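The values are calculated or read from the model by the stated rules, or taken from the named source; none is laboratory data. Quantities reported herein were computed from a predicted structural model and do not represent experimental measurements. No Cβ is skipped: glycine too gets one built from the backbone with ideal geometry, and neighbour counts run over all protein chains shown. Ligands, DNA and RNA are excluded from the accessible area calculation, which covers all protein heavy atoms including side chains. Shrake-Rupley method; radii C 1.70, N 1.55, O 1.52, S 1.80 Å.
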Amino acid sequence: MGSTSQKRVLIITYYWPPAGGVAVQRWLKFVKYLPNYGWEPVIYTPENPEFFYEDKSLLKDIPEKAKVIKRPIWEPYNIYKSLTGKKGENLGLGFANNEKSKNGALNKLFIWLRGNLLIPDPRIFWVRPSVKFLCNYLKENPVDAIITTGPPHSMHLIGLKIKKRCNIPWIADFRDPWTNIDFYKELKLTRLADNIHHRLEQKVLKSSNQVIVVSKQMKREFEELGCKNISVITNGFDFEDIPTMLAPNNNNFTICYVGTMNSARNPLTLWQALRLICSNDKEFASKLKIKIAGQIDSSVIDAIKNNNLEKHFEYLGTVPHNKALELQMSSQVLLLVVNNTPNAKGIVTGKFFEYLAMGKQILAVGPTDGDLAEILQETNAGNIVDFNDFDGAKQLILKYYNLYKSGELNTVKPASNKYSRKELTGKLAKILNEITGNE
């Protein structure tokens with residue numbers, strides 16, 4: 001599918017290569033495939049952002065003709081780093097959350113300041129200079145539409161102001177909720193700050209021409225807030241990324257997790273089930289390997305040690321995207337954990353869709369009546385157990401292990417085009433055509 005006359009779309013995103021992680025990949029892949037559907041992307045992103053880690057392997061996906069505009073951003077992190085001895089470190093998503101550290105009291109203060117003064121987030125200082133720059137830029141370089149993606153939700157405030165001044169069709173993409181995000185209550189908000197957050201959220205939802213979310217549950221939540229023009233475009237996988245030559249290492253029964261595992265994603269019941277099986281089955285214990293790549297919380301390491309799983313465990317740290325894919329392909333079971341938080345039913349992690357493309361069994365931990373469970377059932381790609389279902393976790397591990405022993409484990413049919421990045425970009429292009437009258 002293509003077009004003889006390319007239309008232009010300005011995409012405002014905080015996360016962009018060489019930053020690594022799922023937050024980058026969603027819009028990187030949209031940008032990669034938008035030209036196939038007649039849309040020329042222009043990316044506006046910070047020159048010096050804070051991010052978890054660098055992944056230069058993602059740079060290959062940026063189309064040669066895509067224009068990337070980078071402008072400096074000032075964030076209050078340097079003040080925090082100087083006071084807490086973290087100078088030179090990347091803080092990623094925000095201020096440190098380890099209140100048990102020697103800087104615990106200072107962390108609490110900064111979390112309070114972040115929630116109540118830096119609304120909606122510490123990137124707020126980029127809004128005014130960005131609006132000024134982009135309004136001038138758009139006079140000389142017009143576009144047909146604007147897209148903002150958050151978090152950080154300050155990106156949506158840039159879109160809100162540009163829409164008001166320049167009257168350009170605008171899509172607000174929410175990769176995560178705003179006031180319903182899992183850590184919102186941890187920000188220690190005053191009633192005034194809470195009201196401001198909700199008021200800004202309402203303005204974005206009602207002023208944008210279209211809202212895009214990543215799950216059905218998020219759509220329902222935003223509809224309850226009065227949002228009407230809302231579509232679901234999930235995250236996905238790129239067939240071009242998937243290694244084809246790697247076979248799993250059948251010498252070990254390897255359970256692999258790729259991504260961030262914070263304390264809310266620490267699958268305690270799973271570790272306990274693995275401990276029991278290891279103590280009862282020496283053969284299982286000799287074969288078991290647990291590999292985790294990404295950022296993990298110290299509570300995860302503690303839980304693994306407390307369940308005597310340390311000798312089975314290998315932590316690989318953050319790895320480039322291509323290496324993460326190879327790790328998945330060479331494993332037997334792919335572990336996926338949803339945050340054990342009130343909004344868990346609507347969480348479908350970006351990594352899940354990449355898992356789908358691998359043709360591996362997925363062992364998921366999360367709500368058995370949420371969006372993730374629904375897609376797992378639809379694709380027949382694995383099973384999900386509830387956070388506290390010890391028996392279910394034990395039975396599922398043993399089921400996978402017995403399939404592994406009989407050589408029948410990795411016979412899952414890889415996911416269809418429905419969740420491919422290319423197909424999903426087609427849905428985005430359709431929305432862009434609708435809001436710009438180019439159907």
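Yes/no matrix, rows are residues, columns are (1) over 23 Å from Lys32 (Cβ atoms); (2) at pLDDT 80 or above; (3) of a type outside the set (Asp, Glu):
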{"site": "Glu75", "(1), (2), (3)": "yes, yes, no"}
{"site": "Gly94", "(1), (2), (3)": "yes, no, yes"}
{"site": "Ile119", "(1), (2), (3)": "yes, yes, yes"}
{"site": "Phe125", "(1), (2), (3)": "yes, yes, yes"}
{"site": "Pro152", "(1), (2), (3)": "no, yes, yes"}
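If we keep just the residues of region 344-394 that are on the phi > 0 side of the Ramachandran plot and out of contact with any Leu (no Cβ under 6 Å at 6 or more places or on another chain), which is least open to solvent (accessible area, probe 1.4 Å)? Here the residue is Gly359. Taking the criterion of being without any contact (Cβ under 8 Å) to a residue 24 or more places away in the chain, open to solvent by 50 Å² or more (accessible area, probe 1.4 Å), in a loop (DSSP other than H, G, I, E, B) and in contact with a strand residue (DSSP E or B) (Cβ under 8 Å, 6 or more places away or on another chain), would at least one residue in region 214-227 satisfy it? Looking for residues that are without any contact (Cβ under 8 Å) to a residue 24 or more places away in the chain, open to solvent by 50 Å² or more (accessible area, probe 1.4 Å), in a loop (DSSP other than H, G, I, E, B) and in contact with a strand residue (DSSP E or B) (Cβ under 8 Å, 6 or more places away or on another chain), one finds none in region 214-227, hence no. Being in a loop (DSSP other than H, G, I, E, B) and either at pLDDT 90 or above or open to solvent by 40 Å² or more (accessible area, probe 1.4 Å) (or both) is the filter here; which residues of region 50-62 pass it? Phe52, Tyr53, Ile62, listed by residue number.
Can you confirm whether Asn340 is without any contact (Cβ under 8 Å) to a residue 24 or more places away in the chain and either open to solvent by 10 Å² or more (accessible area, probe 1.4 Å) or of a type in the set (Phe, Trp, Tyr) (or both)? No.
Screening Asp371, Asp386 for residues that are in contact (Cβ under 8 Å) with a residue 60 or more places away in the chain, touching a Gly at 6+ places or on another chain (Cβ under 8 Å) and either more than 26 Å from Pro267 (Cα to Cα) or not basic (Lys, Arg) (or both) leaves exactly one candidate, Asp371.
If only residues of region 1-29 that are open to solvent by less than 20 Å² (accessible area, probe 1.4 Å) and out of contact with any strand residue (DSSP E or B) (no Cβ under 8 Å at 6 or more places or on another chain) are counted, the one that is modelled with the lowest pLDDT is Gly21.
In this structure, does Ser207 turn out to be small (Gly, Ala, Ser) and open to solvent by 70 Å² or more (accessible area, probe 1.4 Å)? Walk me through how you get there before you give the answer.
Working: small (Gly, Ala, Ser): yes; open to solvent by 70 Å² or more (accessible area, probe 1.4 Å): no.
No.
Criterion first (free of Cβ contacts under 8 Å to residues at least 24 places away in the same chain and either open to solvent by less than 40 Å² (accessible area, probe 1.4 Å) or outside any loop (DSSP other than H, G, I, E, B) (or both)) does Lys32 satisfy it? Steps first, please.
Numbers: free of Cβ contacts under 8 Å to residues at least 24 places away in the same chain: no; either open to solvent by less than 40 Å² (accessible area, probe 1.4 Å) or outside any loop (DSSP other than H, G, I, E, B) (or both): yes.
When the stated conditions are applied, Lys32 does not pass them.
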